[in-house]
Amino acid sequence: MTQTSTRIELPNPLDPEETMSRDQIESIQLARLQETLAYAYDRVPLYKEKYDGAGVHPSDLKELADLAKFPFTEKEDLRKTYPFGMFAVPQHEVARIHASSGTTGRATVVGYTQQDLDDWAKMGARCLRLSGVKPGWKVHNAYGYGLFTGGLGAHAAAERLGTTVIPMSGGQTEKQITMINDFEPDAILCTPTYLLTIGDAMQRQGLDPRKTSLKTAVLGAEPWTEEMRHELEVMFNIDACDIYGLSEVMGPGVAGESNETKDGSHIWEDHFRPEIIDAFDETKVLGDGEHGELVFTSLTKQALPIIRYRTHDLTRLLPGTARPGHRRMGRITGRSDDMIILRGVNLFPSQIEEIALRIDGLSPHFQLEITRPGRMDQLAVKIERREDCTSDRAEAAGKELAQQIKIHVGSSCAIQVVDPGTLARSSGKLRRIYDLRNK
């Protein structure tokens, strides 16, 4: 007898806070900001020192705009107080510790109480639900597990939503493909460049990524463009949505994107208060719609309250759509600390990606090399041609890329179009910039 399986639609209710009005959210934000500032001042010596030095006190926050009176928190503050100096609770109340890789200095260490972990999972589940992931689905999690917040953060979110989690972690691309083919997941969680790596590897094996079971990809941990979204959606025949977070603020789940609108990630403003500041003048808080650097203040975190944390991510705040009470982030256009200043012109890797993917014959695989052969810095773009791109077409595409970069960015650079498979592939976060000036 042949058995047929039917998918059962499980309940998937929104959290009450997701449907709150803007006024309701701002009322909650004010009350929670006042509590958080007092809590951090009383429990974290660094905050007391900063605020006393700046001549401000938590009682000075009477309205939301007063948050601008308080000093910023930087990644260096967490490094200076390494490992646990920013924790606001005793060690026995810390349920979990995560840390950054520390490749550019001391690791930044973050901690969570059990309530923090519960809140994190809840916000992550909101993001997945907003992106179209449904309870009962199988979710392939290819974010790295371990001290990095991505793997365990996404895992807890998927479990909270009621999905079946496949905890694959990052790397082992051939095994990733085997698991996707054998376990038939409905959704995949990873970085956008790693999903591209998986798709390329499938095609090299003679497999069609469009014929997998995948319906949705929730992608984050690195900036990516609308052009990259289109590339991945066509390659896999899926919906691809953004998810945002960073360890110092919480981890993945601070904000998530709707699969229906695909117009930027909604920030869960019942737990975080975002600001945009002028990236070149930190004293200026910018209005909604203006581009600048994203700053976050936590409203409910217990183990590691974070006040006015400078993310260095460049974006803008926009009115909510899929969740009207919660503002959206525009796409991250780059990071202020990843910005290349080339002969007085500011340039971001995402600009190169956006331009390159509009040119026939060029692939999304590229890297930027900065050298200084004489007195002047020089930028070289190495980019792979697509498999079906002839040598003549590749040469013409390279010239077109150089011209378009000159027109839209304002800088001259050398273009080297290389064969498919030449450049390093992502196994998580992809390194785009190679600064060779001191070598």
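The values are calculated or read from the model by the stated rules, or taken from the named source; none is laboratory data. Just so it is clear, the model here is predicted, and its values are computed rather than measured. Cβ coordinates were reconstructed from backbone atoms using ideal geometry, including for glycine residues, and neighbour counts include every protein chain displayed. Heads up: the accessible areas ignore ligands, DNA and RNA and are worked out on the full protein's heavy atoms, side chains in. Shrake-Rupley method; radii C 1.70, N 1.55, O 1.52, S 1.80 Å.
Observations on the structure shown:
- Total residues in region 224-244, condition of a type in the set (Ser, Thr, Tyr) and either at pLDDT 95 or above or within 24 Å of Asn181 (Cβ to Cβ) (or both): 1
- Test for Arg96: is it within 14 Å of Lys301 (Cβ to Cβ), of a type in the set (Lys, Arg), modelled with pLDDT of 95 or more and touching a strand residue (DSSP E or B) at 6+ places or on another chain (Cβ under 9 Å): yes
- Glu63 meets each of the listed conditions (1) over 30 Å from Ala99 (Cα atoms); (2) open to solvent by less than 30 Å² (accessible area, probe 1.4 Å) apart from (2).
- Any hit, region 316-328, residues being part of a loop (DSSP other than H, G, I, E, B), within 17 Å of the chain's Cα centre (by Cα) and in contact (Cβ under 8 Å) with a residue 60 or more places away in the chain: yes
- The condition of being within 27 Å of the chain's Cα centre (by Cα) and among the hydrophobic types (A, V, I, L, M, F, W, C) holds for only one of Leu46, Leu10, Leu14, that being Leu14.
- Near pairs, Cβ below 6 angstrom, 6+ apart or cross-chain, from region 41-59 (under 12 Å from Pro71 (Cβ atoms)) to any residue that is in a helix (DSSP H, G or I) and of a type in the set (Gly, Ala, Ser): Tyr47/Ala40
- The set of residues in region 215-274 being open to solvent by 20 Å² or more (accessible area, probe 1.4 Å) and under 22 Å from Gln24 (Cα atoms) consists of Arg273 alone.
- One residue stands out in region 99-114 among those that are modelled with pLDDT of 90 or more and in a loop (DSSP other than H, G, I, E, B): the one that is farthest from the chain's Cα centre (by Cα), namely Thr113.
- Residues of region 302-315 classified as assigned to a loop (DSSP other than H, G, I, E, B) and open to solvent by less than 20 Å² (accessible area, probe 1.4 Å), total: 6
- Candidates Val254, Val285, Val218, Val249: the one that is in contact (Cβ under 8 Å) with a residue 24 or more places away in the chain, touching an Asp or Glu at 6+ places or on another chain (Cβ under 6 Å), among the aliphatic types (A, V, I, L, M) and farther than 21 Å from Pro349 by Cβ is Val285.
- Extreme residue, farthest from the chain's Cα centre (by Cα), among residues of region 181-192 that are farther than 21 Å from Leu147 by Cβ and crowded, with 23+ Cβ neighbours inside 10 Å: Pro185
- Filtered by the rule that a residue be under 17 Å from Ser100 (Cβ atoms) and open to solvent by 20 Å² or more (accessible area, probe 1.4 Å), region 129-156 gives Gly144, Tyr145, Gly146, Leu147, Phe148, Leu152.
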